[in-house]
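For reference, the structure discussed in these notes is given below.
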Amino acid sequence: MFCYLALSVLAFLPGIVRADDSPNAVIAPHAQDLVALQKDSLVPFKADDFLKARYTVLFYSAGWCPDCRAFAPSFVKAYDAQPKGSGRFEVLLVSHDRSAKEMLQYMTSEKMNWPALAYDKVAGAEDLKKLYSGHGIPCLTVVDQKGTVVVQSKTDKDAQQTLKELQDLLGTKS
């Protein structure tokens, strides 16, 4: 009996140990559609490690938006200041720009070191659109690996507060 119980526990142990390594349920279906800056162009993004982040911020934003341009520098600074390794949050830009060229210009000018959903894939990403609060941009929606919304901005004016709440969850300072 004890042997059977021990073997049962051992059989499930690999799944338990790998639970943190499972890909983000919200982002994984779009992994092949991610792009990132490389010099002055967007190239396909290899999402393996990105998908394992404890929290991912869906950043609904656009270069034409004055509030987005005002918030982006502090968001980039907070992202870049994170320690390497675990405890980090990742960001996925879901562009509200009017063209792929505008999205590229926005990412370049703000020095965004995170991936974006390819511009031509945004319109068809209904599952990601559902996570947008719909009260303006910038909008931050923080999801955990299971796809549960943990924190979300309520208006286009509270992105900084949402970032602070995320940093509090992670135990980091802004």
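The values are calculated or read from the model by the stated rules, or taken from the named source; none is laboratory data. Source: prediction; values computed, not measured. Neighbour counts run over all protein chains shown; Cβ positions are idealised from the backbone, glycine included.
Screening A70 against (1) surrounded by fewer than 20 Cβ atoms within 10 Å (Cβ to Cβ); (2) of a type in the set (A, V, I, L, M); (3) in a strand (DSSP E or B) leaves a single unmet condition, (3).
Against the test of being more than 16 Å from Y79 (Cβ to Cβ), assigned to a loop (DSSP other than H, G, I, E, B) and more than 15 Å from the chain's Cα centre (by Cα), the options K157, K101, K121, K111 yield a single qualifying residue, K157. Being surrounded by fewer than 21 Cβ atoms within 10 Å (Cβ to Cβ), within 24 Å of D168 (Cβ to Cβ) and free of Cβ contacts under 8 Å to residues at least 12 places away in the same chain is a property that holds for G85. Within segment 117-143, the residues that satisfy the criterion of being of a type outside the set (A, V, I, L, M), surrounded by 14 or more Cβ atoms within 10 Å (Cβ to Cβ) and either over 22 Å from M107 (Cα atoms) or touching a strand residue (DSSP E or B) at 6+ places or on another chain (Cβ under 7 Å) (or both) are Y119, Y132, S133, P138, C139, T141. Quick one: would you say A118 is touching a helix residue (DSSP H, G or I) at 6+ places or on another chain (Cβ under 6 Å) and of a type in the set (G, A, S)? The answer is yes for A118.
Listed by first and then second residue, the pairs linking a residue in segment 129-143 that is at positive phi to a residue that is among the hydrophobic types (A, V, I, L, M, F, W, C) and at pLDDT 90 or above, with Cβ atoms under 9 Å apart and 6 or more places separating them unless they lie on different chains, are G136/C65.
Quick check on my filter: what residues within segment 85-97 are more than 16 Å from Y55 (Cβ to Cβ) and in a loop (DSSP other than H, G, I, E, B)? Across segment 85-97, the qualifying residues are H96, D97.
Total residues in segment 144-162 satisfying the condition of being surrounded by 16 or more Cβ atoms within 10 Å (Cβ to Cβ) and either among the hydroxyl-bearing types (S, T, Y) or modelled with pLDDT of 95 or more (or both): the figure is 2. The residues in segment 25-41 that are part of a loop (DSSP other than H, G, I, E, B) and at pLDDT 95 or above can be counted, and the count is 0.
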